[in-house]
Amino acid sequence: MNDSVAEKVVRALASVKHLPRERITLESSLQDLGFDSLDLITMLFELENEFDISIPDDEARSVSRVRDIVEGVKRLLAATSTDLAAPAD
Amino acid sequence: MRQRRVAVTGLGAICALGQNVPEFWKGLCEGQSGIGPIESVDVSGLRFQNGAEVRGYDPACYFDSSRMDLLDRFAQFAVLAAREALRDSGAVWTPELRETTAVVCGSSVGGQNAQDAGFRELYKLGRGRVHPLSIPRIMANAGACHISMEFGITGPVYTLSTACSSANHAIGLAFRMVGNSEVEMAIAGGSEAPFSLGLLKAWEAMRVIAPDTCRPFSRDRRGMILGEGGAMLVLEPLEAARARGAHIHAEIAGFGMSSDAHHIAQPSVEGPVRAMRAALRDAGVHPQQVGYINAHGTGTPGNDATETRAIHEVFGAHTHQLAVSSTKSMHGHALGAAGALEAVATTVALREGILPPTANFTTPDPECNLDVVPNQARQAKVEFAVSNSFAFGGLNAVLVFRAHGS
């Protein structure tokens, strides 16, 4: 796996909940990790800062597993680089 | 000590639906939405674009230039609402009355415009000083102080801040002071002007603001919409109001408070249940006597479902006979002013026998199985009405109103 993205996501989650990184796998759900609504918005803030992306509210509501978050971040990163690569015509 | 009955003899309001009570009430009855694109702040970098601002507001119409310098927008709204409420009450000032009148205001965030402007000077423009009137503009008690000074009111004057419950706490405590004979009159309510870029950014990060509009209790609700404004009620002992021939809009019959002691941002069912029960007990009213609830009804997925469960728990089978509407769908969520705007809406609803609707309603949500008076105001003679305010931090404040003459 490409997995600087996954690695960074796991690091962000661990830092939000003050958890050891080993506790978090791609299959972990935010519920299992004990995330409440404030942890969730703090995580989104950390991810937006880490990857310099903007995560829409609707997208944010749909995530539950770490894998979803990694995929969502990759999708947003890809969209950003497409925007940058698009010709300015 | 014998508790005195408390009458509402004056009303004042300014919000997205209008700059006085008749305009506000007309908007409520017509199910108008005061929600639209935010104009006072550049929101191009924000995830949401809509708010319920007081549009076309020109402070120069209401204040001379030296007072405008001193009053942040939120304090102006407090003073304007108090002026209208006192004019409406027909109260005649005497030295004794000035000493025995209280002013109790709610505000969650105080002078945001002044604070934001000062921070901009420092952090963005790199200047080394901020305006010398920053502190008197920013302090959350400024609204109450300016009401006190404008009318020479020298009794107890204070502001309290319990986020979105501020105004209900303010009105409730003023009701207590009048009822307990601590004061002979009170001006109570709240005001707020939260449209500053810094605060809007903080709300954006909280991810509770709807990208479109406020649809309380609808299945497709996507969050709250911020509003601004101010509203004040003049409260007097019922007997004194009758004796001076005052026009009595309604009575405040009870007040209840509770804290969830649960979570700083997630509501509980139990806390609101205990506050509603305490308010009904204080009023000496059975749940079956209540005909209308002005809900907290923010339009967030969490609040509306939780509030619905709390209402069912308190009112049981009678819930199906209850009309429950959220006027935030029209005037937005004005934070520390919300309860005051809703108290004015509830008072006029009882007086006129018309229940304001929940606007922008689209699809029923099984989790919000209430009669929400969707989109159309409704004629209904109601004797008792409840107005709920629940705040971040789990602070709940509930008022019970009684129609006058019933």
Problem set entry | In the stretch A:33-65, the residues that are open to solvent by 50 Å² or more (accessible area, probe 1.4 Å), within 12 Å of chain B (Cβ to nearest Cβ) and in contact (Cβ under 8 Å) with a residue 24 or more places away in the chain | A:Thr42, A:Glu46
Exercise. Quick one: B:Arg274 ticks every box in (1) farther than 20 Å from B:Ala163 by Cβ; (2) touching a residue at least 24 places away in the same chain (Cβ under 8 Å); (3) open to solvent by 30 Å² or more (accessible area, probe 1.4 Å) bar one, so which box is it?
Worked result: (1)
Problem set entry | Matching residues, the stretch B:169-203, being within 25 Å of B:Ala397 (Cβ to Cβ) and within 14 Å of chain A (Cβ to nearest Cβ) | B:Ala202, B:Trp203
Exercise. Name the residues in the stretch B:301-331 that are part of a helix (DSSP H, G or I), among the polar types (S, T, N, Q) and either out of contact with any Lys or Arg (no Cβ under 8 Å at 6 or more places or on another chain) or within 14 Å of chain A (Cβ to nearest Cβ) (or both), would you?
Worked result: B:Asn303, B:Thr306, B:Thr308, B:Thr319, B:Gln321
For this session: Filter the stretch B:222-247 down to residues that are of a type in the set (A, V, I, L, M) and within 24 Å of B:Phe77 (Cα to Cα) and give me whichever is surrounded by the most Cβ atoms within 10 Å (Cβ to Cβ).
Result: B:Met232
For this session: Would you mind telling me which numbered condition in (1) within 14 Å of another protein chain (Cβ to nearest Cβ); (2) of a type in the set (Phe, Trp, Tyr); (3) under 28 Å from B:Thr100 (Cα atoms) B:Tyr158 fails?
Result: (1)
For this session: Could you please find all residues in the stretch A:2-27 being outside any helix (DSSP H, G or I) and within 15 Å of A:Gly72 (Cβ to Cβ)?
Result: A:Asn2, A:Leu26
For this session: Please go through the stretch B:204-218 and pick out each residue that is away from every other protein chain (no Cβ under 11 Å) and either part of a loop (DSSP other than H, G, I, E, B) or without any contact (Cβ under 8 Å) to a residue 40 or more places away in the chain (or both).
Result: B:Asp212, B:Thr213, B:Cys214, B:Arg215, B:Pro216, B:Phe217
Exercise. In this structure, is A:Glu7 surrounded by fewer than 18 Cβ atoms within 10 Å (Cβ to Cβ), over 21 Å from B:Arg222 (Cα atoms) and within 12 Å of chain B (Cβ to nearest Cβ)?
Worked result: no
Exercise. Scanning the stretch B:169-185 for residues that are touching an Asp or Glu at 6+ places or on another chain (Cβ under 8 Å) and crowded, with 24+ Cβ neighbours inside 10 Å, which turns out nearest to B:Gln115 (Cα to Cα)?
Worked result: B:Met185
Problem set entry | Failed condition for B:His263, given (1) at pLDDT 95 or above; (2) in a loop (DSSP other than H, G, I, E, B); (3) more than 21 Å from the chain's Cα centre (by Cα); (4) outside the structural domain of B:Gly111 (by TED's automatic domain parsing) | (1)
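Here's the yes/no breakdown for (1) modelled with pLDDT under 95; (2) assigned to a loop (DSSP other than H, G, I, E, B); (3) closer than 14 Å to B:Gly227 by Cβ; (4) open to solvent by 40 Å² or more (accessible area, probe 1.4 Å):
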site: B:Leu11; (1), (2), (3), (4): no, no, no, no
site: B:Phe24; (1), (2), (3), (4): no, no, yes, no
site: B:Ser40; (1), (2), (3), (4): no, yes, yes, yes
site: B:Val43; (1), (2), (3), (4): no, yes, no, no
For this session: Quick one: in the stretch B:118-140, of everything that is assigned to a helix (DSSP H, G or I) and basic (Lys, Arg), which residue is most open to solvent (accessible area, probe 1.4 Å)?
Result: B:Lys124
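The values are calculated or read from the model by the stated rules, or taken from the named source; none is laboratory data. This one's a predicted model, so the numbers in the text were calculated from it and none came from an experiment. Note: ideal-geometry Cβ built from the backbone for every residue, glycine included; neighbour counts use all protein chains shown. Surface areas here come from the heavy atoms of the whole protein model, side chains and all, with no ligands, DNA or RNA. Shrake-Rupley method; radii C 1.70, N 1.55, O 1.52, S 1.80 Å.
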